[in-house]
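Beneath this line is the structure, given in structure tokens, with notes to follow.
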């Protein structure tokens, strides 16, 4: 993956599709077209956003062009050239490309490769990740007691984190251990790294089961919002999207129900659902806006009352 990133850096961008030979570093199984990639390559491919064309096994035509380029390199630049050190080799290779490999007219296309590349370079995609993202990924298996092992100690995770085969991603920076879900970038826990061995590092909140109380709170909000269209799917989406912040979101909604009148609530709720803004803070801003519009209309009516005239 590091070599690919350096290649993108040299080209000044990234192709939309990359062609790979069947290599165990890239793919585990062709799987009748539903290709199974290695874990590391799949994570890299998703971050970068390119598609993959995997050459069929024992199919020279699908990779003949690349192999022809390799042969040209071997039989011209690399042939009889003594290898001394990587930096000198790379400098010599770039100089050879500039005067020969990319400068001469191609025998088949009758075009100069360097000039063709300048045109094709306009179609390269920006590279979406940095070298920091390519650092080795540290993961740990979640045990049945909702703990992980790290540097000789156990660290607790929230109740219910364990699932068979589930792993979490670890990041340590400035003595702080951060534990994330492996797929979703949600932060599950954060601890100072212990210098002792064999300790159980515990967060007391991780032992509490909030499921029942969240259900009760959600039902209470639904009862208060029963006159509002869209209340049930709105709360359900918040429960699904906000993870460990669901309780805070519900508490804010409960406070907003007391703070704003029903007409502002319905307009704000409709606006949030229409624009897929499933957040209590977005709902609060919408309530303030629609209530502000109504108050402005009331002030304008008070300053300029409408007088209706009747015919005698």
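The values are calculated or read from the model by the stated rules, or taken from the named source; none is laboratory data. Given the structure is predicted, the values throughout are model-derived calculations rather than measurements. When we count neighbours, we look across all protein chains shown, and the Cβ atoms used for this are built from the backbone with ideal geometry, even at glycine.
Here are the numbers for the structure shown:
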quantity	calculated
Residue within the stretch 76-91 that is surrounded by 11 or more Cβ atoms within 10 Å (Cβ to Cβ), in contact (Cβ under 8 Å) with a residue 24 or more places away in the chain, assigned by TED's automatic domain parsing to the domain that holds residue 20 and assigned to a helix (DSSP H, G or I) present	no
Test: residue in the stretch 129-150 that is in the same structural domain as residue 46 (by TED's automatic domain parsing), in contact (Cβ under 8 Å) with a residue 24 or more places away in the chain and over 22 Å from the mean Cα position of the chain (by Cα)	no
Of all residues making up the stretch 16-28, the number that are in contact with a strand residue (DSSP E or B) (Cβ under 7 Å, 6 or more places away or on another chain), surrounded by fewer than 15 Cβ atoms within 10 Å (Cβ to Cβ) and not in a strand (DSSP E or B)	1
Positions within the stretch 270-306 being in contact (Cβ under 8 Å) with a residue 40 or more places away in the chain and either loosely packed, with under 14 Cβ neighbours inside 10 Å or more than 20 Å from residue 214 (Cβ to Cβ) (or both), in sequence order	270, 273
Residue among 191, 245 that alone is under 30 Å from residue 151 (Cβ atoms), in contact (Cβ under 8 Å) with a residue 24 or more places away in the chain and under 27 Å from the mean Cα position of the chain (by Cα)	191
Residue 228 in a helix (DSSP H, G or I) and surrounded by 12 or more Cβ atoms within 10 Å (Cβ to Cβ)	no
Residue under evaluation residue 173, criteria (1) under 29 Å from residue 241 (Cβ atoms); (2) surrounded by 11 or more Cβ atoms within 10 Å (Cβ to Cβ); (3) under 26 Å from the mean Cα position of the chain (by Cα), criterion not met	(2)
Counted residues, the stretch 258-267 - those being in a helix (DSSP H, G or I), touching a residue at least 12 places away in the same chain (Cβ under 8 Å) and surrounded by fewer than 16 Cβ atoms within 10 Å (Cβ to Cβ)	3
Check on residue 73, under 20 Å from the mean Cα position of the chain (by Cα), assigned to a helix (DSSP H, G or I) and either modelled with pLDDT of 85 or more or crowded, with 16+ Cβ neighbours inside 10 Å (or both)	no
